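Each value in this text was obtained by applying a stated rule to the coordinates, not by laboratory testing. From a predicted model like this one, the values you see are computed outputs, not experimental measurements. Please note: Cβ atoms are built from the backbone with ideal geometry, for glycine as well, and neighbour counts cover all protein chains shown.
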Amino acid sequence: MRSVLRLACAALLTIACAATARAEVKLTWFMWSGSEPEVVAWKHVAELVHEKYPDITVEFQTTSFPDYWTKLPVLAASGKLPDIISLQSLRAPGFAQLMEPLDARIAADKFDIGAFEPSIIKGLQRGGKQYALPYDFGPLVLYYNTELFAKAGLPEPRPGWTEEAFMKAARALTKDGTYGFAVSEPDAFIAFARSKGASYLSDKGDLDLTNAGLKKAFADYVALVTKEKVAPLFPASGTQSSSVANGRFTAGNVAMYVDGPWQLLNIKKKANFRVGVAPVPVRSAGSITITAGSGFGISATSRNKDAAWKAVQVMTGPEAEKYLAEAGRAFSARKAFQENWFATAAQDVTGAREAINAALATAEPFVTTPNWSVVSALFLQYAPLAYAGSETPEKVLETIQTLATQ
């Protein structure tokens with residue numbers, strides 16, 4: 001009888017082990033990153049999923065930001081999309097179709113979508129459907145080198161500072177091999193253009209880069225390099241212009257550049273000077289910056305959608321958001337953890353709280369067209385021609401408009 005019981009127990013144990021083995025799920029997650037500190041941060045977020053759900057493992061896969069948007073369609077075409085896809089609000093119109101709508105799962109779990117900033121929740125929607133949960137959002141702001149400002153005897157920029165004050169500082173800071181500002185586009189340029197009242201979209205929401213207002217705004221922006229010579233020439237390398245600007249800024253070679261609060265992790269890791277933050281300068285239409293953000297969703301072809309949904313909730317959950325905010329990798333999309341960015345990541349960053357709050361007060365959501373990845377790539381390709389003086393700014397915009405709308 002004991003032998004029979006032992007055999008029965010052994011059989012039950014075997015069945016239990018087999019069931020456990022079957023329950024283990026390995027998810028793939030594709031995300032962009034631009035530095036080793038970012039990779040470390042994302043791997044930590046992936047590990048949080050395994051800690052909460054020991055039967056789920058998230059394999060982190062990464063590439064550079066520009067390459068991410070070219071590789072994603074290739075993976076889709078070959079049927080090799082990862083289980084979890086990272087999505088930027090600017091690219092949601094062009095890539096949401098690769099993803100599973102989350103609305104039914106949000107409703108079934110009574111998931112608290114109200115914990116997030118409404119603007120980025122909407123930014124990750126397409127056709128009224130939610131395709132990703134956000135982990136960050138924020139306005140483009142101006143980072144500056146406080147030590148270079150002090151050395152030049154200049155007052156540090158504050159909310160309300162004018163275009164005239166910006167140009168005065170940029171000229172004074174351009175000396176001894178250092179430049180006052182680093183251009184990047186199209187995002188930073190769009191913020192400057194909107195502050196001049198220029199639009200990059202038509203009234204119907206179509207791409208419109210050839211209107212008179214935007215041409216004038218781009219010519220003024222290019223003039224920072226060609227005429228004013230307060231910004232260095234941007235290399236025609238196809239490299240993401242904001243990455244080049246970031247590298248020049250953190251190396252101390254330029255005094256100011258425009259980026260988002262999500263970049264603070266990389267700036268603090270690389271810069272050996274005290275960093276300051278200010279809104280973009282007030283121009284004819286005010287200081288009107290743009291907000292954007294990113295999140296995580298489930299690929300439409302994933303075979304592990306239930307597990308991926310669990311993972312996405314953890315990856316955008318309170319513990320992950322607190323970690324990313326304090327590391328400086330995210331101005332949290334969860335309203336409850338935005339203070340963590342201020343109190344920890346930006347505690348020694350001059351003017352950070354004042355600048356972010358002022359920027360948000362006048363910011364606009366960065367609305368884009370479905371082909372915005374193409375538009376951005378074309379800016380990287382053709383804008384250097386204007387900076388080099390081999391093509392007029394107006395002609396560059398006309399070329400981008402034509403190629404982007406063919």
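Points worth noting:
- MRE, 222 nm, helices only [DSSP H, n ≥ 4, -39500 (n - 2.57), over the chain, to nearest 500]: -14000 deg cm²/dmol
- With a simple spin-label model that places each label point 7 Å from the Cα along the Cα-to-Cβ direction, the separation between A172 and D67 comes to 4.3 nm.
- Rounded if a/c under 1.5, otherwise prolate or oblate - the range 356-395, Cα gyration tensor axes: oblate
- Cα centroid of the range 339-406 to Cα centroid of the range 160-197, whole Å: 13 Å
- Extending 7 Å from the Cα toward the beta-carbon at both A361 and V40 defines two label points whose distance is 3.7 nm.
- Cβ crowding within 10 Å ranks R91, R334 as R91, R334, fewest other Cβ atoms first.
- Rounded to 0.05, the FRET efficiency of the E51 and R303 pair, given R0 = 22 Å and the Cβ-Cβ distance, is 0.40.
- In a fully extended conformation the segment linking A77 and E59 would gain 4.4 nm over its present Cα-Cα distance, using 0.36 nm per residue.
- Footprinting exposure proxy for D259, D55, D112 (fewest neighbouring C-beta atoms within 10 Å first): D112, D55, D259
- The distance from the alpha carbon centre of the range 85-118 to that of the range 51-82 is 17 Å, rounded to a whole number.
- Alpha-carbon radius of gyration plus Dmax, which is the widest Cα pair, for the chain in Å: 23.5, 96
- Label-point separation, R274 to S390 (7 Å along Cα→Cβ), nm: 4.3 nm
- For the range 153-247, the ratio of Cα radius of gyration to the globular rule of thumb 2.2 N^0.38 Å stands at 1.17.
- Here K204 is the anchor, and no aspartates and glutamates lie within straight C-alpha reach of less than 12 Å, apart from those fewer than 8 places off in the same chain.
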